[in-house]
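K.L.:
Once you've had a glance at the structure underneath, I'll fire off some questions.
The values are calculated or read from the model by the stated rules, or taken from the named source; none is laboratory data. Fair warning: this is a prediction, and the values are worked out from it, not measured in the lab. Every residue, glycine as well, gets a Cβ built from its backbone with ideal geometry; the counts of neighbours run over all protein chains shown. We work out accessible area using only protein heavy atoms, side chains counted, and drop any ligands, DNA or RNA first. Shrake-Rupley method; radii C 1.70, N 1.55, O 1.52, S 1.80 Å.
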Amino acid sequence: MSQPTGGFHQRLQALSPRQQQAFMAALCERLLPNYGLYAQTTGEGNPAGLRAILDLVWEQLAVKEARIDFDRQAEKLAELEPTATDDSFGVRRAVEAVVALSALLDTLRGEAPDAVLEVSRVSKGGVRAFIELTEGEEDAQRLAVRIREHPLMADEIDFQDAVLEAAEESLDREALKALRRLGRNEGVSNLGLEAG
């Protein structure tokens, strides 16, 4: 295999639409536990509903002939988004999972050329917010360095690189299964959290 050329964003944009969707689906897998934790702690939300929608995305990726009404799935997803009145940390992370999955559905419903970059940014942004919350650094420059050097951010960057590398390959059924397993990350989210 030849080494991919270009930076991370150029490589993401060079993927075929199906490869981009697989990349986004893997990142969504890793965001789902954050939504699950929100549901556990607030008693609201429906993690099984998000899971079902993401399962349909994987089915569409694996079975090209699958006929799935993604307009209807987008409507269902909108109903699962946490209410805007609560601005707590956990709710914002749950919203990120919904936003990422919504961007992915947009690509399945038509044109959304920047969706893959949006999902990548959403996942990194959640990690950045978590580090800002836990590190509590006042000095913006020191905080930026701390975020860059933080193990969770290093893990996020390594994870996205690994998913991109996998998505750049030919995506047969086995490759999709492997990518899905990678995304599930043994049930651990991008914040290093697990939903029970």
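K.L.:
Could you look through segment 135-192, keep only residues that are among the β-branched types (V, I, T) and assigned to a helix (DSSP H, G or I), and pick out the one that is nearest to S123 (Cα to Cα)?
P.N.:
That would be I157.
K.L.:
Additional query: Before we move on, is F159 aromatic (F, W, Y), in contact with a helix residue (DSSP H, G or I) (Cβ under 8 Å, 6 or more places away or on another chain), surrounded by 13 or more Cβ atoms within 10 Å (Cβ to Cβ) and at pLDDT below 95?
P.N.:
So F159 fails the test.
K.L.:
Just to verify a result, which residue in segment 144-156, among those that are open to solvent by 60 Å² or more (accessible area, probe 1.4 Å) and in contact (Cβ under 8 Å) with a residue 12 or more places away in the chain, is nearest to E59 (Cα to Cα)?
P.N.:
D155
K.L.:
Mind checking which helices (runs of 4 or more DSSP H) fall wholly inside segment 16-134 and carry at least 1 residues that are open to solvent by 70 Å² or more (accessible area, probe 1.4 Å) and in contact with a helix residue (DSSP H, G or I) (Cβ under 7 Å, 6 or more places away or on another chain)?
P.N.:
Where helices (runs of 4 or more DSSP H) fall fully within segment 16-134 and carry at least 1 residues being open to solvent by 70 Å² or more (accessible area, probe 1.4 Å) and in contact with a helix residue (DSSP H, G or I) (Cβ under 7 Å, 6 or more places away or on another chain), they are 17-42, 70-80, 89-109.
K.L.:
Among the candidates V91, V98, V116, single out the residue that is touching a Phe, Trp or Tyr at 6+ places or on another chain (Cβ under 8 Å) and over 23 Å from L37 (Cα atoms).
P.N.:
V116
K.L.:
Next question. Can you name the number of the only condition in (1) at pLDDT 95 or above; (2) open to solvent by 60 Å² or more (accessible area, probe 1.4 Å) that T5 fails?
P.N.:
(1)
K.L.:
Sort through V95, V119 and tell me the only one that's under 23 Å from D55 (Cα atoms) and out of contact with any Leu (no Cβ under 7 Å at 6 or more places or on another chain).
P.N.:
Residue meeting the stated conditions: V95.
K.L.:
Here's another thing I want to ask about it. Given the residues E194, E169, E132, which is the only one that is at pLDDT below 95, under 15 Å from P33 (Cβ atoms) and out of contact with any Phe, Trp or Tyr (no Cβ under 9 Å at 6 or more places or on another chain)?
P.N.:
After ruling out the rest, the residue left standing is E194.
K.L.:
Modelled with pLDDT of 95 or more and among the acidic types (D, E): which single residue out of E59, E65, E44 fits that description?
P.N.:
E59
K.L.:
On the given criteria, is R181 over 17 Å from G90 (Cα atoms), of a type outside the set (S, T, N, Q) and over 16 Å from the mean Cα position of the chain (by Cα)?
P.N.:
no
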